[in-house]
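**Student:** Structure below; questions to follow.
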Amino acid sequence: MPRRKKKGKKTERKLELSDREKYFLSAFMDIVENMYGPTARKVLEYIVESNGVVAEETLGKEIGIKSNEARKILQKLADEAILGYKTGKIGDKTYHLWILNLDQIEGILINRLKKTREKLQLRLNYEKENTFLLCPVCGRRYGLDEAFDYEFTCPYDGGQLIEFDNSDIVMFLEEKIKEIDEELSKLGAL
Ligand SMILES: [Zn+2]
(Lines give C-alpha, C1' and ligand atoms only; values in the text may rest on other atoms or scores of the structure.)
Protein backbone atom coordinates (compact mmCIF):
# COMPACT_ATOMS: atom_id res chain seq x y z
CA MET A 1 0.00 0.00 0.00
CA PRO A 2 1.37 3.42 -0.89
CA ARG A 3 2.28 5.63 1.99
CA ARG A 4 -0.10 8.44 2.67
CA LYS A 5 1.18 11.90 2.18
CA LYS A 6 1.10 13.91 5.37
CA LYS A 7 0.03 17.45 5.00
CA GLY A 8 2.89 19.88 4.71
CA LYS A 9 5.49 17.17 5.00
CA LYS A 10 7.26 15.36 2.24
CA THR A 11 7.06 11.63 2.59
CA GLU A 12 7.56 10.50 -1.00
CA ARG A 13 9.91 7.65 -1.53
CA LYS A 14 13.28 8.80 -2.83
CA LEU A 15 14.55 7.52 -6.15
CA GLU A 16 16.86 4.68 -5.36
CA LEU A 17 20.03 5.50 -7.19
CA SER A 18 23.09 3.35 -7.58
CA ASP A 19 26.46 5.03 -7.02
CA ARG A 20 26.97 5.04 -10.76
CA GLU A 21 23.63 6.75 -11.34
CA LYS A 22 24.38 9.26 -8.59
CA TYR A 23 27.64 10.05 -10.29
CA PHE A 24 25.95 10.49 -13.67
CA LEU A 25 23.27 12.67 -12.21
CA SER A 26 25.66 14.97 -10.44
CA ALA A 27 27.81 15.39 -13.56
CA PHE A 28 24.63 15.90 -15.50
CA MET A 29 23.32 18.56 -13.10
CA ASP A 30 26.46 20.58 -13.80
CA ILE A 31 25.86 20.37 -17.54
CA VAL A 32 22.22 21.35 -17.14
CA GLU A 33 23.19 24.31 -14.98
CA ASN A 34 25.78 25.44 -17.53
CA MET A 35 23.34 25.16 -20.39
CA TYR A 36 20.09 26.36 -18.89
CA GLY A 37 20.99 28.13 -15.68
CA PRO A 38 20.57 27.48 -11.95
CA THR A 39 16.78 27.33 -12.09
CA ALA A 40 16.94 24.39 -14.49
CA ARG A 41 19.21 22.63 -12.04
CA LYS A 42 16.76 23.33 -9.26
CA VAL A 43 13.96 21.82 -11.34
CA LEU A 44 16.00 18.71 -12.11
CA GLU A 45 17.03 18.31 -8.48
CA TYR A 46 13.42 18.61 -7.45
CA ILE A 47 12.38 15.97 -9.96
CA VAL A 48 15.01 13.59 -8.56
CA GLU A 49 13.80 14.30 -5.01
CA SER A 50 10.23 13.70 -6.14
CA ASN A 51 10.92 10.13 -7.16
CA GLY A 52 11.51 11.14 -10.76
CA VAL A 53 8.01 12.43 -11.48
CA VAL A 54 6.53 15.92 -11.27
CA ALA A 55 3.22 17.42 -12.31
CA GLU A 56 3.57 20.47 -14.50
CA GLU A 57 0.57 22.06 -12.81
CA THR A 58 2.12 22.12 -9.34
CA LEU A 59 5.87 22.25 -10.00
CA GLY A 60 6.18 26.04 -10.14
CA LYS A 61 4.40 26.50 -6.85
CA GLU A 62 6.33 23.70 -5.17
CA ILE A 63 9.74 25.15 -5.91
CA GLY A 64 8.76 28.80 -6.00
CA ILE A 65 9.14 29.75 -9.65
CA LYS A 66 6.61 31.02 -12.17
CA SER A 67 4.62 28.26 -13.82
CA ASN A 68 5.47 29.41 -17.36
CA GLU A 69 9.16 29.40 -16.44
CA ALA A 70 8.78 25.90 -15.01
CA ARG A 71 7.06 24.74 -18.20
CA LYS A 72 9.82 26.22 -20.37
CA ILE A 73 12.49 24.41 -18.40
CA LEU A 74 10.59 21.13 -18.50
CA GLN A 75 10.30 21.50 -22.26
CA LYS A 76 14.03 22.14 -22.65
CA LEU A 77 14.91 19.13 -20.52
CA ALA A 78 12.47 17.06 -22.58
CA ASP A 79 14.16 18.25 -25.78
CA GLU A 80 17.37 16.81 -24.39
CA ALA A 81 15.52 13.50 -23.77
CA ILE A 82 16.11 13.91 -20.04
CA LEU A 83 12.39 13.88 -19.39
CA GLY A 84 9.49 11.98 -20.81
CA TYR A 85 5.92 13.07 -20.67
CA LYS A 86 2.49 11.62 -20.00
CA THR A 87 -0.87 12.73 -18.72
CA GLY A 88 -2.45 11.27 -15.66
CA LYS A 89 -5.76 11.68 -13.91
CA ILE A 90 -6.28 12.22 -10.23
CA GLY A 91 -9.99 12.32 -9.61
CA ASP A 92 -11.45 14.26 -12.49
CA LYS A 93 -8.39 16.47 -12.79
CA THR A 94 -5.89 15.83 -15.55
CA TYR A 95 -2.24 16.37 -14.73
CA HIS A 96 0.68 16.68 -17.09
CA LEU A 97 3.41 14.53 -15.68
CA TRP A 98 7.08 14.76 -16.53
CA ILE A 99 9.15 11.71 -15.82
CA LEU A 100 12.90 11.49 -15.44
CA ASN A 101 14.55 9.21 -18.03
CA LEU A 102 17.22 7.98 -15.72
CA ASP A 103 18.41 5.31 -18.16
CA GLN A 104 18.91 7.95 -20.87
CA ILE A 105 21.17 10.13 -18.81
CA GLU A 106 24.27 7.96 -19.11
CA GLY A 107 24.04 8.00 -22.90
CA ILE A 108 23.30 11.73 -23.09
CA LEU A 109 26.21 12.51 -20.82
CA ILE A 110 28.68 10.35 -22.72
CA ASN A 111 27.54 11.75 -26.08
CA ARG A 112 27.93 15.28 -24.87
CA LEU A 113 31.42 14.64 -23.53
CA LYS A 114 32.45 12.96 -26.77
CA LYS A 115 31.12 15.82 -28.87
CA THR A 116 32.95 18.36 -26.74
CA ARG A 117 36.11 16.28 -27.00
CA GLU A 118 35.81 16.18 -30.80
CA LYS A 119 35.48 19.97 -30.99
CA LEU A 120 38.47 20.48 -28.70
CA GLN A 121 40.53 18.02 -30.71
CA LEU A 122 39.77 19.86 -33.97
CA ARG A 123 40.72 23.13 -32.36
CA LEU A 124 43.90 21.59 -30.99
CA ASN A 125 44.89 20.23 -34.40
CA TYR A 126 44.28 23.65 -35.91
CA GLU A 127 46.48 25.29 -33.29
CA LYS A 128 49.23 22.73 -33.73
CA GLU A 129 49.23 22.69 -37.53
CA ASN A 130 49.26 26.44 -38.07
CA THR A 131 51.55 29.36 -37.45
CA PHE A 132 50.03 32.53 -36.08
CA LEU A 133 51.01 36.15 -35.94
CA LEU A 134 49.82 38.81 -33.58
CA CYS A 135 49.19 42.51 -33.98
CA PRO A 136 50.70 44.14 -30.88
CA VAL A 137 48.41 47.15 -31.31
CA CYS A 138 44.94 45.60 -31.37
CA GLY A 139 45.75 42.04 -30.30
CA ARG A 140 44.17 40.45 -33.40
CA ARG A 141 45.59 37.13 -34.41
CA TYR A 142 46.34 36.18 -38.02
CA GLY A 143 47.18 32.92 -39.74
CA LEU A 144 50.40 32.82 -41.74
CA ASP A 145 48.62 33.01 -45.14
CA GLU A 146 46.58 35.96 -43.98
CA ALA A 147 49.66 37.68 -42.64
CA PHE A 148 51.35 37.22 -46.01
CA ASP A 149 48.33 38.74 -47.75
CA TYR A 150 48.53 41.76 -45.45
CA GLU A 151 52.32 41.95 -45.90
CA PHE A 152 52.70 41.45 -42.15
CA THR A 153 50.91 44.71 -41.39
CA CYS A 154 47.62 44.79 -39.49
CA PRO A 155 44.93 46.06 -41.90
CA TYR A 156 43.10 47.74 -39.00
CA ASP A 157 45.82 49.85 -37.48
CA GLY A 158 49.04 49.28 -39.45
CA GLY A 159 50.69 47.44 -36.53
CA GLN A 160 53.67 45.27 -37.50
CA LEU A 161 52.69 41.65 -36.98
CA ILE A 162 54.89 39.66 -34.66
CA GLU A 163 55.21 35.95 -34.09
CA PHE A 164 52.54 34.57 -31.80
CA ASP A 165 53.38 31.77 -29.42
CA ASN A 166 50.25 29.66 -29.03
CA SER A 167 51.75 27.10 -26.66
CA ASP A 168 49.51 28.33 -23.81
CA ILE A 169 46.44 27.67 -25.95
CA VAL A 170 47.78 24.27 -26.96
CA MET A 171 48.45 23.40 -23.33
CA PHE A 172 45.00 24.59 -22.27
CA LEU A 173 43.29 22.49 -24.95
CA GLU A 174 45.37 19.42 -24.12
CA GLU A 175 44.48 19.83 -20.45
CA LYS A 176 40.75 20.08 -21.26
CA ILE A 177 40.92 16.97 -23.44
CA LYS A 178 42.71 15.12 -20.68
CA GLU A 179 39.96 16.08 -18.23
CA ILE A 180 37.30 14.76 -20.58
CA ASP A 181 39.23 11.54 -21.13
CA GLU A 182 39.42 11.06 -17.38
CA GLU A 183 35.69 11.65 -17.12
CA LEU A 184 34.99 9.24 -19.98
CA SER A 185 37.21 6.59 -18.48
CA LYS A 186 35.36 6.94 -15.14
CA LEU A 187 32.17 6.34 -17.07
CA GLY A 188 33.74 3.33 -18.75
CA ALA A 189 33.30 4.93 -22.16
CA LEU A 190 36.82 5.43 -23.37
ZN1 LIG B 1 45.97 45.56 -35.26
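The values are calculated or read from the model by the stated rules, or taken from the named source; none is laboratory data. This structure is a prediction, so every number in the text was calculated from the model and none was measured. As a convention, Cβ positions derive from the backbone with ideal geometry for all residues, glycine included, and neighbour counts pool all protein chains shown.
**Student:** Give all pairs with beta carbons closer than 7 Å in which a residue from the range 59-74 that is within 10 Å of Val43 (Cα to Cα) meets a residue that is outside any helix (DSSP H, G or I) and not aliphatic (A, V, I, L, M); count only pairs at least 6 apart in sequence or on separate chains.
**Tutor:** Pairs that qualify, where the first residue is within 10 Å of Val43 (Cα to Cα) and the partner is outside any helix (DSSP H, G or I) and not aliphatic (A, V, I, L, M), are Gly60/Lys66; Leu74/Trp98.
**Student:** Could you tell me which of the residues Glu175, Glu80, Glu179 is under 28 Å from Lys22 (Cβ atoms) and crowded, with 17+ Cβ neighbours inside 10 Å?
**Tutor:** Among Glu175, Glu80, Glu179, only Glu80 is under 28 Å from Lys22 (Cβ atoms) and crowded, with 17+ Cβ neighbours inside 10 Å.
**Student:** Moving to a separate point now. If we keep just the residues of the range 22-57 that are part of a helix (DSSP H, G or I) and of a type in the set (Val, Ile, Thr), which is surrounded by the fewest Cβ atoms within 10 Å (Cβ to Cβ)?
**Tutor:** Thr39
**Student:** On to the next question. Looking at the range 149-171, which of its residues are surrounded by fewer than 13 Cβ atoms within 10 Å (Cβ to Cβ) and away from the ligand (no atom under 16 Å from the Cβ)?
**Tutor:** Passing the criteria: Asp165, Ser167, Asp168, Met171.
**Student:** Still on this structure: If the requirement is being assigned to a helix (DSSP H, G or I), surrounded by 13 or more Cβ atoms within 10 Å (Cβ to Cβ), within 16 Å of the ligand (Cβ to nearest atom) and modelled with pLDDT of 90 or more, which of these qualifies: Glu62, Glu69, Glu127, Glu146?
**Tutor:** From the options Glu62, Glu69, Glu127, Glu146, the qualifying one is Glu146.
**Student:** Another one. Could you tell me whether the range 86-96 includes any residue that is in a loop (DSSP other than H, G, I, E, B) and either aliphatic (A, V, I, L, M) or within 28 Å of the chain's Cα centre (by Cα) (or both)?
**Tutor:** No; the residues of the range 86-96 include none that is in a loop (DSSP other than H, G, I, E, B) and either aliphatic (A, V, I, L, M) or within 28 Å of the chain's Cα centre (by Cα) (or both).
**Student:** Go through Gln121, Gln104, Gln75 for me and flag whichever is among the polar types (S, T, N, Q), within 21 Å of the chain's Cα centre (by Cα) and at pLDDT below 90.
**Tutor:** Gln104
**Student:** Could you tell me which of the residues Leu120, Leu74 is more than 16 Å from the ligand (Cβ to nearest atom), hydrophobic (A, V, I, L, M, F, W, C) and not assigned by TED's automatic domain parsing to the domain that holds Ser167?
**Tutor:** Going through Leu120, Leu74 in turn, just one is more than 16 Å from the ligand (Cβ to nearest atom), hydrophobic (A, V, I, L, M, F, W, C) and not assigned by TED's automatic domain parsing to the domain that holds Ser167: Leu74.
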